[in-house]
Amino acid sequence: MNMSSLSTISTGMLSRLDALATVSESRNGLTRRYLTSQHREANDLVGDWMREAGMRVHEDAVGNIIGRYEGAREDAAALLIGSHLDTVVMAGKYDGMLGVVTAIECVHDLHRRGIRMPFAIEVVGFADEEGVRFQSTYLGSRAIAGTFRKELLEARDMDDMTMADALRAFGLDPDQIDTAAKRPEDVIGYLELHIEQGPVLESMDEPVGVVTAIAGATRRVVILSGVAGHAGTVPMGHRQDALLAAAECALAVEEVAAKRTHCVATVGRMEVAPGATNVIPGSVTFSIDIRADEDVKRIEALAELDPWLAKIADKRGCTLTVETVHEANSVACAPWIAGQIEAAIATNESRVVRLPSGAGHDAAAIADLTDVGMIFVRCAGGISHNPDEFITESDIAAGAEVLLRVIENFQPEDGSCLMDKT
Ligand SMILES: [Zn+2]
């Protein structure tokens with residue numbers, strides 16, 4: 001199929017990313033939370049761009065903005081392509097937005113050339129992925145996947161406003177939230193282009209990669225209790241120092257992850273009590289976050305870790321309690337879609353880099369509805385969730401080119417799904 005060159009128009013994508021970056025609750029750095037006036041403004045902007053690209057636009061009941069580009073036949077099942085328009089606090093301008101802006105550019109390119117695919121394309125700007133306002137992630141994509149938990153409508157933000165009231169203030173009806181769900185028979189797959197948010201592509205000197213899986217994660221809270229004592233009077237051999245036990249535990253956490261491929265673990269929070277210069281730490285509470293591309297690896301790592309922590313606690317005369325506070329299984333990207341992304345990357349004689357995603361993405365929620373595939377784009381220094389997030393113009397163009405090539409050559413797993421529905 002004839003390719004147009006998106007690189008010639010990448011400046012358009014850049015100026016759109018810049019425009020979205022100005023729609024912010026904070027002055028320095030980008031902050032755009034769910035159902036705020038900035039969310040409204042972003043949806044309006046993106047909706048205008050979608051219309052310009054030849055799409056019919058609507059906002060669904062959870063606040064996702066969706067543009068539909070019909071296929072050769074009206075009402076054909078749709079290839080969904082999307083990412084999120086909300087941000088963390090003090091975000092960069094690519095996380096989420098890059099996937100929406102590039103998808104619109106690809107559809108615009110098809111529209112300019114008068115190309116209609118056998119399937120429809122729906123570009124989705126998800127309303128909330130980061131979960132900043134109501135401390136619950138994937139709100140937009142879960143609504144579309146039909147897995148939105150209605151009890152969340154009673155969740156409250158910092159100002160004590162419920163999600164239901166925030167939806168009403170935004171002009172939506174919380175009782176209609178079910179209508180955002182799509183039927184599996186109306187979709188043929190999901191693509192998401194996203195900033196990598198890590199250093200792998202940069203270290204391999206490739207602009208674009210294909211995601212194999214979105215990592216599963218376990219989060220735990222560990223409490224070690226020893227005995228607080230006078231820092232001057234208790235000899236070293238007589239101590240039950242909870243912090244030294246915690247320090248050894250943190251090294252054990254590092255080791256169980258480091259010996260496994262695509263497994264990462266972090267002790268990101270540690271609270272020492274009583275926390276005084278002249279007192280031996282009596283108790284320590286710390287977090288463990290462990291992720292892996294395959295669930296079996298994460299489970300094995302934890303099975304190795306548990307007795308190890310118990311042994312450390314025992315050796316140092318501390319008691320140990322461990323509580324699991326979060327558990328999410330990994331989501332595999334569909335091999336049949338990943339294969340098409342790999343073919344698109346290889347067209348340019350580029351090396352095909354396959355990598356798992358350690359971060360969560362809307363694709364993980366959409367996987368409950370349909371098969372998913374993800375394209376990663378290189379970012380400078382692997383920096384993300386930070387105003388310094390940066391992607392070069394040529395890498396944006398390279399990512400968009402791969403996405404367009406995947407769309408133009410997209411083969412549904414079951415071609416018959418594009419036949420007339422009865
Ligand atoms: Zn993101």
TODO: Can you tell me which residue within region 181-202, out of those that are part of a helix (DSSP H, G or I) and open to solvent by 10 Å² or more (accessible area, probe 1.4 Å), is nearest to P356 (Cα to Cα)?
DONE: V200
Task: Residues of region 178-200 satisfying the condition of being more than 12 Å from the ligand (Cβ to nearest atom), out of contact with any helix residue (DSSP H, G or I) (no Cβ under 6 Å at 6 or more places or on another chain) and under 16 Å from T102 (Cβ atoms) - done: L191
TODO: Please enumerate the residues belonging to region 286-331 that are under 10 Å from G216 (Cα atoms) and either in contact with a His (Cβ under 6 Å, 6 or more places away or on another chain) or small (G, A, S) (or both).
DONE: A292, D293, A328, S330
Open item on the list: Which of the numbered conditions does T285 fail, given that it passes all the others? Conditions: (1) open to solvent by less than 60 Å² (accessible area, probe 1.4 Å); (2) under 25 Å from L139 (Cα atoms); (3) outside the structural domain of A77 (by TED's automatic domain parsing); (4) of a type outside the set (A, V, I, L, M, F, W, C).
Closed with: (2)
Open item on the list: Condition (residue is without any contact (Cβ under 8 Å) to a residue 24 or more places away in the chain and within 30 Å of N329 (Cα to Cα)) applied to region 241-252: is it met by at least one residue?
Closed with: yes
- [ ] Test G226 against the criterion of being modelled with pLDDT of 95 or more, buried (at least 22 other Cβ atoms within 10 Å of the Cβ) and in the same structural domain as P412 (by TED's automatic domain parsing), and give yes or no.
- [x] no
Task: Members of region 278-300 that are over 25 Å from the mean Cα position of the chain (by Cα) and part of a strand (DSSP E or B) - done: V279, I280, S283, V284, T285
Open item on the list: Condition first: closer than 16 Å to L193 by Cβ, open to solvent by less than 20 Å² (accessible area, probe 1.4 Å), not in a strand (DSSP E or B) and not aliphatic (A, V, I, L, M). Now tell me which residues in region 331-385 satisfy that.
Closed with: C333, H361, D362, C379
TODO: Might you let me know whether region 152-172 holds any residue that is more than 16 Å from the ligand (Cβ to nearest atom) and within 19 Å of the chain's Cα centre (by Cα)?
DONE: no
Task: Hey, A127 assigned by TED's automatic domain parsing to the domain that holds G63, over 29 Å from G12 (Cβ atoms) and at pLDDT 95 or above or not - done: no
- [ ] Go over the candidates C333, C318 one by one and state the one that is of a type outside the set (A, V, I, L, M) and within 16 Å of the ligand (Cβ to nearest atom).
- [x] C333
Open item on the list: For the condition within 28 Å of K93 (Cβ to Cβ) and away from the ligand (no atom under 15 Å from the Cβ), what is the one hit in G360, G373?
Closed with: G373
Task: Which listed residue, of I345, I366, is within 16 Å of the ligand (Cβ to nearest atom) and over 30 Å from V222 (Cβ atoms) - done: I366
Open item on the list: Looking for something touching a residue at least 24 places away in the same chain (Cβ under 8 Å) and acidic (D, E) - is there at least one such residue anywhere in region 271-291?
Closed with: yes
Task: Selection within region 43-72 - open to solvent by less than 20 Å² (accessible area, probe 1.4 Å) and assigned to a loop (DSSP other than H, G, I, E, B) - done: A53, M55, D60, A61, V62, G63, N64, E70, G71
Open item on the list: Need pairs with beta-carbon distance below 7 Å; first residue touching a residue at least 12 places away in the same chain (Cβ under 8 Å) and within region 194-215, second in a loop (DSSP other than H, G, I, E, B) and open to solvent by 60 Å² or more (accessible area, probe 1.4 Å); sequence gap 6+ or separate chains.
Closed with: E206/R351
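The values are calculated or read from the model by the stated rules, or taken from the named source; none is laboratory data. Everything quoted here is computed from the prediction, not taken from an experiment. Note that each Cβ is placed from the backbone with ideal geometry, even for glycine, and that neighbours are counted across all protein chains shown. The accessibility values were calculated without ligands, DNA or RNA, using every heavy atom of the protein model including side chains. Shrake-Rupley method; radii C 1.70, N 1.55, O 1.52, S 1.80 Å.
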